[in-house]
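Below: the structure, in structure tokens.
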Amino acid sequence: MSSSMLTAASALRNHQTYMNVIANNIANMNTIGFKSSNVLFQDMLSRSLSVGAAPGENRGGINPLQIGLGMQLGSISTNMGQGVMQSTGRPQDLALTGSGFFIYGGAQQPIYSRDGSLGMDAAGNLVNLGTGLRVQGWKAVDDGTIDTAKAIGDITIPIGAPMAAVPTSGVDLSGNLDASADINDSITTTVQFYDSLGGLNALEMTFTKTATNTWSVDLDPSAGSNVALSAPVPATVTFDEDGQLIAPADGQIGFTGTLTNGAANVDISLNIASLSQLESPGADELYVTNQNGRAPGQMIDFNISNTGEIVAIYSNGLLKTLGQLAVAEFVNPSGLTKSGGNGYTRSGNSGDAQVVQAGDRTTMSAGFLELSNVDLTLEFSEMIRAQRGFQANSRVITSSDEMLQELVNLVR
């Protein structure tokens, strides 16, 4: 009798654990990046009343006679299935699709999480909004390139950081001069450039047709500048019979000079190699396609791309890559240990973290968060199973107690 009560008692304990797991799943149905858990049971040792016998010459075999002694937990496994993506409208929110994890700097070891709700702290560090842990990634060098072979570390967002002015040293001018234009016809265009102090200056360039397939270039600087064409003056531009540029041979026209605002001397090369002379009456067009200078500015905001690149936005309209978030992948992500705060730590059965860029096994979506993968329909079904299992084993204890009571009553 006592054996049956102990057997049922083991079932009560484990069905209570079953219900605890279900309750935790349901409690975290709205937790960002939460992964639900599943419970599996195993039977416990069995007591053998007979080991059985093999078939003989005159009779068949006999199966073993065994009485089970209860049940035990087999495993509590984590379901790493993908959760639903929810749009948040915040460009700093990130969601992962695939098997990877964000990496956060823990006090003693890295914390891995699917929670990508990011923001800044007072020190400018990029952190998880819920835990304050600093997200890890690669920092970019000054020219914006990223070396993923280097160690990962904290990412700092320098809001308000200045961007120095860069004087213009090269301008690309493209377009077409009308081959059908008459001698002395001209076309004027404006070329803008930045000086070493970040000031924006303008030059008016006039192309005047002086002969067949030949044009002269004159320069009219804006107020406050003393900029002139380099020798020869005026510059001569010549085209072949197909309308392609043949002089200057290197396709460059230089102009130098000084400015009255105290900036460094101007030394700019105008690239006209792509300029053509084709017949298009009334359709002369000259336009600047590129210039390499910039005005000063300061960082005012940042975005995170779908590849995890952190891009700074400056007041002068320019963008600069500050770094890139790293992603950790595991051979067995279900083997990670839950550490609370939507985080996981490495365990002996998870394998070591493989630190990679998003793209192959894991992709990143900016402006989204991954919701919990809890399936309420399944959880309610499991809850009924847990409740019925607990209820039925409670009846076993009650019935065993009544049988013991009847046994005691035999002596009356």
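Bear in mind these aren't lab numbers, they're just calculated from the coordinates by the rules spelled out. Remember, predicted model here, so these are calculated numbers, not experimental data. So basically every Cβ, Gly included, is an ideal-geometry build from the backbone, and we count neighbours across all protein chains shown.
General remarks:
- Taking the helices alone, the chain has a mean residue ellipticity at 222 nm of -5000 deg cm²/dmol, built from -39,500 (n - 2.57) per DSSP H run of at least 4 residues and averaged over all its residues.
- Here the Gaussian network model covers the chain, with springs between Cα atoms less than 10 Å apart; of Phe34, Phe101, Phe380, Phe380 fluctuates the most.
- Hits among lysines - C-alpha to C-alpha of Lys150 under 19 Å, sequence gap 8 or more where chains match: Lys139
- Efficiency of FRET from Cβ geometry, Ser174 and Ala107, R₀ 45 Å, rounded to 0.05: 0.20
- Within segment 54-79, backbone nitrogen closer than 16 Å to the virtual label 7 Å beyond the Cα of Asn38 toward Cβ: 74-79
- Folded to 0 to 90 degrees: helix 2-27 orientation relative to the chain principal axis, Cα: 20 degrees
- Charge-dipole axis of the chain as Lys and Arg at +1 and Asp and Glu at -1 on Cβ define it, positive-most pick from Leu73, Thr337, Val166: Leu73
- Think of each Lys and Arg Cβ as +1 and each Asp and Glu Cβ as -1; about the Cα centre, that makes the dipole of segment 170-291 roughly 420 debye.
- Contact order normalised by residue count of the chain, Cα under 8 Å, 6+ apart, percent: 24 percent
- For segment 170-291, the C-alpha radius of gyration divided by 2.2 N^0.38 Å, with N the number of residues, is 1.06.
- Fully extending the segment from Asn349 to Ser3 would add 120.9 nm, taking 0.36 nm per residue of separation and subtracting the current Cα-Cα distance.
- Cut-off under 5 Å, modelled amide H: who pairs with Ser276 long-range: Gly175, Asn176, Leu177
- Charged neighbours of Gln354, selected by a Cβ distance under 13 Å, balance to -1 (K, R count +1; D, E count -1).
- Listing Glu329, Glu204 from fewest to most neighbouring C-beta atoms within 10 Å gives Glu204, Glu329.
- Options (i) 81, 23, 17; (ii) 38, 26, 20; (iii) 28, 27, 22 - which one matches semi-axes √(5λ) of the Cα gyration tensor in Å as calculated here: (i)
- A crude spin-label estimate for the pair Ser230 and Ala27, with each label 7 Å from Cα along the Cβ direction, gives 7.5 nm.
- Under Karplus coefficients 6.51, -1.76 and 1.60, residue-wise ³J(HN,Hα) of segment 396-404 in Hz, glycine/proline x: 4, 5, 4, 5, 5, 5, 5, 5, 5
- As a calculated quantity, the FRET efficiency between Asn292 and Asp250 at R0 = 22 Å, using C-beta atoms, amounts to about 0.80.
- Between Asp182, Asp218, Asp142, the Gaussian network model of the chain with springs among Cα atoms under 10 angstrom shows the greatest mean-square fluctuation at Asp182.
- Subtracting the Cα-Cα distance of Asp240 and Val166 from their residue separation scaled by 0.36 nm leaves 23.0 nm.
- Sorting Arg294, Arg13 from the fewest to the most surrounding beta carbons within 10 angstrom yields Arg13, Arg294.
- Ranked Asp267, Asp154, Asp242, criterion: other C-beta atoms within 10 Å, fewest first: Asp242, Asp267, Asp154
- On full extension, the segment bounded by Glu406 and Leu73 gains 116.5 nm, given 0.36 nm per residue less the C-alpha separation.
- Label point 7 Å beyond Cα of Ser305 along Cβ direction - residues of segment 123-160 with amide nitrogen under 17 Å: 137-149
- The chain: most fluctuating residue of Ser269, Ser334, Ser37 per GNM, C-alpha cutoff 10 Å: Ser269
- Simple spin-label estimate for Ile159 and Leu278 gives 5.0 nm between the two label positions (7 Å along the Cα-to-Cβ direction from each Cα).
- The H on the amide N of Leu322, modeled in the peptide plane, is under 5 Å from the matching H of Ile310, Val311, Ala312, each at least 5 residues off or on a different chain.
- Per-pair calculated FRET efficiency, R0 = 35 Å: Ser99 and Leu12 via Cβ, rounded to 0.05: 0.40
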